[in-house]
Amino acid sequence: MAGIEFDRQVFTSAPEAQRTQTPKAMGAVLLVLALGLAGFVGYKVFTQASQEHAIAAANAQVGTLQSQLADSQKRLEELQKHHKAVKPEPAAPVVQAPVVEKKSAPAKPAYRIAAGSALPPQPKPVVYTAPSATPSVANPNTAAIQSEVNANHEAWQATTDRLADVVGVVGQQQSELTETREAVNQLLSQSRRQALPFELLRGSNRMPVGPVTLQLKSVDLKGQRYSVCVYFEDRCIELKDRVLNEVVVFVVSKNGSPLELVATKIVRDQIVGYLEVPSDKQH
């Protein structure tokens, strides 16, 4: 049996092979976990360092801005103090001294004839030069005050214009109210009427009733109709074929008030009725 070869791996047990493979798999998993943990820790450290660097840079910029602001404020205060301290002084007036004539040494006596109106020499007048105009210091509030004054003036002008418009509207309404009052008074005068009774006979003379004169022309007893002639200033207005109790409205003049004639009874050759006229036109 020396020439027979056996495969020993066939006779090895399966549990032993599994035991050898399990530690290898666990080692690979642990290695992967260790690498992932190391990467995560490195990312956290890098992110925190970047944030700290950005915060430090921002704090540095804020400090620089604060220092610049403090410097600007100091300069502004110094300028204000210098502006208050320095005030323009008016230039002193220049006074020219009078010119004094030099007296010559006494000479020998000599006789001169001078005019009687000669005046003794007078010193030259003192000339005062006006102080040079200094540029006025501009007030920073002047522009704001001027703009506010202009705005107030514009508002006052607008208010004045509105008041003028209101006054015009009120005047127009007043005139309209006056016209309406006159129209109402006219209507009231027309509504205040008075009935003047009359009895007319056919063939008789004219009968004065109020501001007009009436004359009966014809009577239709069967049809209860009549015809009347209304005279005003010798002019006849004929009311023809009117029926019983009919309100006949007519006007005797162009601008006159309307009159109303009503016949309340029609008999043979006679009618009875009334004439309504305004109260101010009874006669």
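The values are calculated or read from the model by the stated rules, or taken from the named source; none is laboratory data. The structure presented is a predicted model; accordingly, all values stated were derived computationally and were not measured. Positions of Cβ are generated from backbone atoms using ideal geometry, with glycine treated the same way; all protein chains shown enter the neighbour counts. Please note that ligands, DNA and RNA were not included when accessible areas were found on the heavy atoms of the full protein model with its side chains. Shrake-Rupley method; radii C 1.70, N 1.55, O 1.52, S 1.80 Å.
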TODO: Give the residue that is modelled with the highest pLDDT, with candidates limited to residues of the stretch 192-227 that are under 60 Å from the mean Cα position of the chain (by Cα) and closer than 14 Å to Leu261 by Cβ.
DONE: Gln194
TODO: Return a yes/no flag: does the stretch 204-224 have any residue that is basic (Lys, Arg) and touching a Cys at 6+ places or on another chain (Cβ under 7 Å).
DONE: yes
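Conditions tested, residue by residue: (1) in contact with a Leu (Cβ under 8 Å, 6 or more places away or on another chain); (2) open to solvent by 40 Å² or more (accessible area, probe 1.4 Å); (3) in a loop (DSSP other than H, G, I, E, B).
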residue: Asn205; (1), (2), (3): no, yes, yes
residue: Val228; (1), (2), (3): yes, no, no
residue: Glu233; (1), (2), (3): no, yes, yes
residue: Glu246; (1), (2), (3): no, yes, yes
residue: Ser257; (1), (2), (3): no, no, yes
- [ ] Inspect all residues belonging to the stretch 164-185 and state whether any of them is open to solvent by less than 50 Å² (accessible area, probe 1.4 Å), under 29 Å from Tyr274 (Cβ atoms) and not hydrophobic (A, V, I, L, M, F, W, C).
- [x] no
- [ ] Answer with yes or no whether Leu188 is at pLDDT below 90 and closer than 17 Å to Val277 by Cβ.
- [x] yes
